[in-house]
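Below you'll find the structure I mean.
The values are calculated or read from the model by the stated rules, or taken from the named source; none is laboratory data. Here the structure is a predicted model, which is why all the values come from computation and not from measurement. Cβ: placed from backbone, ideal geometry, glycine included. Neighbour counts: every protein chain shown.
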Amino acid sequence: MAILPIRTFGDPVLKERCVEVERIDSDLERLVQDLKDSLPRPGGAGLSANQIGVIKRVFVYDHEGEIEACINPRIVWASEETVEESEGCLSLPGPILPVSRHLSLDLEYIDLAGELRRVHAEGWLARVFQHEMDHLDGKLILDRTDRDSRVEALRMLDGEWAPGIDKARGGDEM
């Protein structure tokens, strides 16, 4: 349908918690198609609705070359074991940050046919699901990384200065 611009750091829509989808209709089908069209390929592992300015609990992800849609997703189980790895984000162009995530999880969601689905994910796919769920909850990887990495990323994103960071002191708590 349309390749839409991806909202980037500083856009308030990225900090909003997305609302549940109430019905599957042509508007939702159009949103899912817009998400699929807007997901950079190659390079994008997933894209959430608020990243294109729509505050609905929907994301798409690349599953072995096929783009799948998750409506009203929720994590119903997550492993106690976590692993820290580097993550980037389409809404934070540039910084790659260390983020700790559950190693495996079960995700429930509704598909475009209205069917309830449950998928078990491990490793990279579990990380993608958690990243997109964070977006739907109004969180960015900046909220999940350590203080020093966050300060460095904010400086990179804002040309060596970011609100709340005192250059002379090296940064304040956010």
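Which of (1) under 28 Å from VAL19 (Cα atoms); (2) of a type in the set (Val, Ile, Thr); (3) at pLDDT 95 or above; (4) surrounded by 12 or more Cβ atoms within 10 Å (Cβ to Cβ) does VAL76 not meet, given it meets every other one?
If we test VAL76 against (1) under 28 Å from VAL19 (Cα atoms); (2) of a type in the set (Val, Ile, Thr); (3) at pLDDT 95 or above; (4) surrounded by 12 or more Cβ atoms within 10 Å (Cβ to Cβ), just (4) comes out false.
I've got another one for you. When you go through LEU92, LEU97, LEU105 one by one, which is the residue that is over 30 Å from ASP158 (Cβ atoms), among the hydrophobic types (A, V, I, L, M, F, W, C) and surrounded by 15 or more Cβ atoms within 10 Å (Cβ to Cβ)?
Working: LEU92 fails: over 30 Å from ASP158 (Cβ atoms); LEU97 fails: over 30 Å from ASP158 (Cβ atoms).
Of LEU92, LEU97, LEU105, the one residue that is over 30 Å from ASP158 (Cβ atoms), among the hydrophobic types (A, V, I, L, M, F, W, C) and surrounded by 15 or more Cβ atoms within 10 Å (Cβ to Cβ) is LEU105.
For residues that are among the acidic types (Asp, Glu) and more than 14 Å from the chain's Cα centre (by Cα), scanning just segment 52-87, find the one that is farthest from VAL99 (Cα to Cα). Reasoning before the result, please.
First, the residues of segment 52-87 that are among the acidic types (Asp, Glu): 62, 64, 66, 68, 80-81, 84-85, 87.
From what is left, the residues that are more than 14 Å from the chain's Cα centre (by Cα) are 64, 66, 68, 80-81, 84-85.
Working: GLU64: 23, GLU66: 26, GLU68: 24, GLU80: 15, GLU81: 14, GLU84: 5, GLU85: 6 Å.
The extreme case among them is GLU66.
Continuing with this model, one more query. Would you check if there is a residue in segment 43-63 being buried (at least 20 other Cβ atoms within 10 Å of the Cβ), touching a Gly at 6+ places or on another chain (Cβ under 8 Å), aromatic (Phe, Trp, Tyr) and not in a loop (DSSP other than H, G, I, E, B)?
Checked segment 43-63: at least one residue is buried (at least 20 other Cβ atoms within 10 Å of the Cβ), touching a Gly at 6+ places or on another chain (Cβ under 8 Å), aromatic (Phe, Trp, Tyr) and not in a loop (DSSP other than H, G, I, E, B).
Considering only segment 90-101, I want to know if a residue exists there that is basic (Lys, Arg) and part of a strand (DSSP E or B).
Step one: list which residues in segment 90-101 are basic (Lys, Arg), which gives 101.
From the residues that got through so far, the ones that are part of a strand (DSSP E or B) too are 101.
Yes, there is a match, as at least one residue in segment 90-101 is basic (Lys, Arg) and part of a strand (DSSP E or B).
Quick check on segment 102-143: of everything there that is aromatic (Phe, Trp, Tyr) and outside any strand (DSSP E or B), which residue is nearest to PRO12 (Cα to Cα)? Break it down into steps so the answer makes sense when it comes.
Pass one, segment 102-143, residues aromatic (Phe, Trp, Tyr): 109, 124, 129.
Cutting the leftovers down to outside any strand (DSSP E or B) gives us 124, 129.
On the way: TRP124: 28, PHE129: 22 Å.
Among those that are aromatic (Phe, Trp, Tyr) and outside any strand (DSSP E or B), it is PHE129.
Could you run through segment 37-72 and say how many residues are more than 23 Å from THR8 (Cβ to Cβ), touching a Lys or Arg at 6+ places or on another chain (Cβ under 9 Å) and touching a residue at least 60 places away in the same chain (Cβ under 8 Å)?
Total satisfying the criteria: 0.
If you take the residues in segment 111-127 that are hydrophobic (A, V, I, L, M, F, W, C) and surrounded by fewer than 20 Cβ atoms within 10 Å (Cβ to Cβ), which one is nearest to LYS36 (Cα to Cα)? Steps first, answer last, please.
Pass one, segment 111-127, residues hydrophobic (A, V, I, L, M, F, W, C): 112-113, 116, 119, 121, 124-126.
Remaining after also requiring surrounded by fewer than 20 Cβ atoms within 10 Å (Cβ to Cβ): 112-113, 116, 119, 124.
Working: LEU112: 13, ALA113: 16, LEU116: 20, VAL119: 20, TRP124: 20 Å.
So the residue we want is LEU112.
Which numbered condition in (1) assigned to a strand (DSSP E or B); (2) surrounded by fewer than 20 Cβ atoms within 10 Å (Cβ to Cβ); (3) of a type outside the set (Lys, Arg); (4) over 13 Å from the mean Cα position of the chain (by Cα) is the only one that GLU22 fails?
(1)
Going through segment 125-137 one residue at a time, which ones are touching a residue at least 12 places away in the same chain (Cβ under 8 Å) and either under 16 Å from LEU90 (Cβ atoms) or polar (S, T, N, Q) (or both)? It would help to see each step written out before you state the result.
Looking only at segment 125-137, we keep the residues that are touching a residue at least 12 places away in the same chain (Cβ under 8 Å), and these are 125-133, 135-137.
Matches in segment 125-137: ARG127, VAL128, PHE129, GLN130, HIS131, GLU132, MET133, HIS135, LEU136.
Which residues, taken from segment 73-89, are of a type in the set (A, V, I, L, M, F, W, C) and closer than 22 Å to PHE9 by Cβ?
Let us first name the residues in segment 73-89 that are of a type in the set (A, V, I, L, M, F, W, C), namely 75-78, 83, 89.
Result: CYS89, single match.
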